[in-house]
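Report on the following structure.
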Amino acid sequence: MNENGSKINEELIGYQTLRLQSLISEMLQCCEDRRIYESQKLGLPYAEVKCLMLFNGERYLTVKGMSQKMEVAKSRITKITDGLIDKGLVKRIDDPNDARVKLISLTSVGEKKSEEITTFHRSIHRKILMQMSTDERKMVLSRMELLRSSMEAVKEQLI
């Protein structure tokens, strides 16, 4: 009985592993499709949208800080911010504490665009939740928290 139970369990885990992998891949593809739609709707490359999202609650950012948050080279951030400057969404300001450092700040137009991005994201997530009943929403959010914590635990084991 142990051999049979072990074999069935291994088959079940194998199936569940493949199903989890497939579901995550499908969800990532949905997110990528949303990014493409978002870029078209907002009229900005996704890198610029992502950069603007960094300012959520921040008055100023440094190129180095932005580079670390976006996990790209500082030269890439410079190129992205140049595009945002050309569009009038951000500006460079001298750091009063260090003349070698330039601070990046949203313009008033950039603040409005950042709010538009936040509103867009909230709207999309609300629409997703509204596809479910109240009980399903509670269950999905609870299970997603469990999945996130499981993923964090595995990440910690790997690092």
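The values are calculated or read from the model by the stated rules, or taken from the named source; none is laboratory data. These numbers were taken from a predicted model, which means no experiment stands behind them. Cβ atoms come from the backbone with ideal geometry, glycine included; neighbour counts cover every protein chain shown.
If I ask for residues that are under 16 Å from His121 (Cα atoms), hydrophobic (A, V, I, L, M, F, W, C) and not in a helix (DSSP H, G or I), which ones from region 36-90 would you list?
Leu44, Leu54, Phe55
Filter region 103-122 down to residues that are farther than 13 Å from Met53 by Cβ, touching a helix residue (DSSP H, G or I) at 6+ places or on another chain (Cβ under 7 Å) and among the basic types (Lys, Arg), then give me how many there are. Before you say what the answer is, go through the steps one by one.
Residues of region 103-122 that are farther than 13 Å from Met53 by Cβ, as a first pass: 103-105, 107-109, 112.
Next, only the ones that are touching a helix residue (DSSP H, G or I) at 6+ places or on another chain (Cβ under 7 Å) stay: 104.
Filter once more, keeping what is among the basic types (Lys, Arg): none.
Qualifying residue count, region 103-122: 0.
Here's a check for you: in region 127-151, which residue that is among the charged types (D, E, K, R) and surrounded by 10 or more Cβ atoms within 10 Å (Cβ to Cβ) is nearest to Arg92 (Cα to Cα)? Give the steps one after another, and end with the answer.
The initial filter retains those residues of region 127-151 that are among the charged types (D, E, K, R), namely 127, 135-138, 143, 145, 148.
Adding the requirement that they be surrounded by 10 or more Cβ atoms within 10 Å (Cβ to Cβ) leaves 136-138, 143, 145, 148.
Working: Glu136: 46, Arg137: 43, Lys138: 44, Arg143: 43, Glu145: 39, Arg148: 37 Å.
Step by step, filter region 127-151, then rank; the result is Arg148.
Any chance region 123-139 includes a residue that's at pLDDT 95 or above, among the small types (Gly, Ala, Ser) and under 20 Å from the mean Cα position of the chain (by Cα)?
Among the residues of region 123-139, at least one is at pLDDT 95 or above, among the small types (Gly, Ala, Ser) and under 20 Å from the mean Cα position of the chain (by Cα), which makes the answer yes.
What number goes with the only condition from (1) of a type in the set (Lys, Arg); (2) under 18 Å from the mean Cα position of the chain (by Cα); (3) under 24 Å from Glu38 (Cα atoms) that Lys155 does not pass?
Just one mismatch for Lys155, condition (3).
Conditions: (1) among the hydrophobic types (A, V, I, L, M, F, W, C); (2) crowded, with 16+ Cβ neighbours inside 10 Å; (3) touching a helix residue (DSSP H, G or I) at 6+ places or on another chain (Cβ under 7 Å). Val72 meets all but one. Number of the miss?
Every listed condition holds for Val72 apart from (3).
Residues in region 91-142 that are more than 19 Å from Glu58 (Cβ to Cβ) and part of a strand (DSSP E or B): how many?
Number satisfying all stated conditions: 2.
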